[in-house]
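*Asks:* Input: one structure, supplied below.
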């Protein structure tokens, strides 16, 4: 078990070190200009030099991402409950949920920005990120709520359970693995939605990491842009790792997917 963990963490680390070493070498060997491709050492220097600004922008992005994820979770589960209770409601509303999912953020971002006002760019980014993160939770939660064992439904009928009891004691436990899977997908999409929406909004009143990348690109400070991009990647990894840990802790005592391999 220990050997497997060392291998699981050590191998990606070795690949990362080798990649960064090759990157550093190739930049100096081919004399690539910093405004085309900065070396990893230059990116680290830029991150240290602009650390306060990067952290301030990162906090804006993290805050918007978390808020978008929470709103997507609330709306996604609420509508999933409605859909699971009524096929008529699902038939009436689900096509519109699909429409929201397939509509590009960059296409509706200017409209949202106009509606909320250019001075409220962060609110527009929040709306757009929530829209992007909403569908995976809705789809997975609806599937999960409908996936409870039919024989257990019959048992609940036998004991005269009402809809609320059936929902809380049968459907929600059965749907939990699906909901957690939807949350893992939605967490990453909330971050992607926040970044893409900020690019699309194009307003300096939204001061997240996407705006830092835009400004750095305009000023040819490419090392700073790479530092902001690395921070975005770290935030995404942290979100996924946190939700994966939540999934394991919630399911480890009863669900096959979270049990350790024997």
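Bear in mind these aren't lab numbers, they're just calculated from the coordinates by the rules spelled out. From a predicted model like this one, the values you see are computed outputs, not experimental measurements. Positions of Cβ are generated from backbone atoms using ideal geometry, with glycine treated the same way; all protein chains shown enter the neighbour counts.
*Asks:* Using only the Cα atoms of region 1-91, each taken as one equal point scatterer with no solvent, compute I(q) by the Debye sum, divide by I(0), and report log10 of the ratio at q = 0.14, 0.22, 0.23, 0.24 Å⁻¹.
*Replies:* -0.84, -1.03, -1.05, -1.07
*Asks:* Measure nothing fancy, just the Cα-based angle from helix 209-218's long axis to the longest principal axis of the chain, in degrees from 0 to 90, nearest 10.
*Replies:* Compared with the principal axis, the helix lies near 30 degrees.
*Asks:* At a Förster distance of 35 Å, what's the computed FRET efficiency of residue 30 paired with residue 107, Cβ-Cβ distance as r, to 0.05? Intermediate results must be reported in sequence, preceding the final value.
*Replies:* On the way: r = 39 Å, r/R0 = 1.12.
Between residue 30 and residue 107 the formula returns 0.35.
*Asks:* Provide 159, 240, 28 in ascending order of the number of other Cβ atoms located within 10 Å of each residue's Cβ, fewest first.
*Replies:* Details: 159 7, 240 15, 28 10.
Ranking 159, 240, 28 by Cβ neighbours within 10 Å, fewest first, gives 159, 28, 240.
*Asks:* So what is the relative contact order of region 38-258, in percent, for Cα pairs below 8 Å that sit 6 or more residues apart? Present the calculation step by step, with values, prior to reporting the outcome.
*Replies:* Working: 273 pairs, mean separation 65.9, N = 221.
Computed over region 38-258, the figure is 30 percent.
*Asks:* Follow-up question, since we're still on this one. What residues of region 125-156 lie in the reach of a label at residue 94, counting those whose backbone N is under 15 Å from a point 7 Å from the Cα along Cα→Cβ?
*Replies:* In region 125-156, the label zone of residue 94 (backbone N under 15 Å from the point 7 Å along Cα→Cβ) covers 135-148.
*Asks:* Rounding to the nearest 10 and keeping the result within 0 to 90°, find how far the Cα-based axis of helix 40-49 lies from the longest principal axis of the chain.
*Replies:* Here the helix axis deviates by roughly 80 degrees.
*Asks:* Moving on to the next point. Using a basic spin-label model with each label point 7 Å from the Cα along Cα→Cβ, how many nm lie between residue 251 and residue 154?
*Replies:* 2.8 nm
*Asks:* To continue, here is another question. Distance in nm between label sites at residue 238 and residue 85, each 7 Å beyond Cα in the beta-carbon direction?
*Replies:* Spacing of the two 7 Å Cα→Cβ label points: 3.8 nm.
*Asks:* Could you tell me, in Å, what Rg and Dmax come out for the Cα atoms of the chain?
*Replies:* 22.6, 77
*Asks:* Sticking with this structure for a sec: R0 = 30 Å: FRET efficiency of residue 78 with residue 230, Cβ-based, nearest 0.05? Can you show the working numbers first?
*Replies:* Numbers: r = 36 Å, r/R0 = 1.20.
After rounding to 0.05, the efficiency reads 0.25.
*Asks:* When all alpha-carbon pairs of region 90-180 are counted, what percent fall beyond 19 Å?
*Replies:* Values: 2317 of 4095 pairs.
For region 90-180, the fraction of Cα-Cα distances above 19 Å is 57 percent.
*Asks:* May I ask you to derive the FRET efficiency for residue 14 and residue 53 from their Cβ-Cβ distance with R0 = 35 Å, giving the value to the nearest 0.05? Walk me through the numbers on the way to the answer.
*Replies:* Working: r = 32 Å, r/R0 = 0.93.
For residue 14 and residue 53, the calculated efficiency is 0.60.
*Asks:* Same structure, new question: Please compute the volume of the convex hull spanned by the alpha-carbon atoms of region 148-236 and report it per residue in Å³.
*Replies:* 112 Å³
*Asks:* Using alpha carbons only, how many degrees (0 to 90, rounded to 10) separate the axis of helix 87-102 from the longest principal axis of the chain?
*Replies:* Its long axis makes an angle of about 10 degrees.
*Asks:* Would you order 24, 154, 198 from fewest to most other beta-carbon atoms within 10 Å of each residue's own beta-carbon? Mind showing how you got there, number by number?
*Replies:* Details: 24 14, 154 9, 198 30.
By the 10 Å Cβ count, ascending: 154, 24, 198.
*Asks:* Hey, fewest Cβ within 10 Å first, where do 131, 181, 103 land in order? Display every interim value, and only then the final one.
*Replies:* Working: 131 22, 181 19, 103 12.
Exposure proxy ranking, most exposed first: 103, 181, 131.
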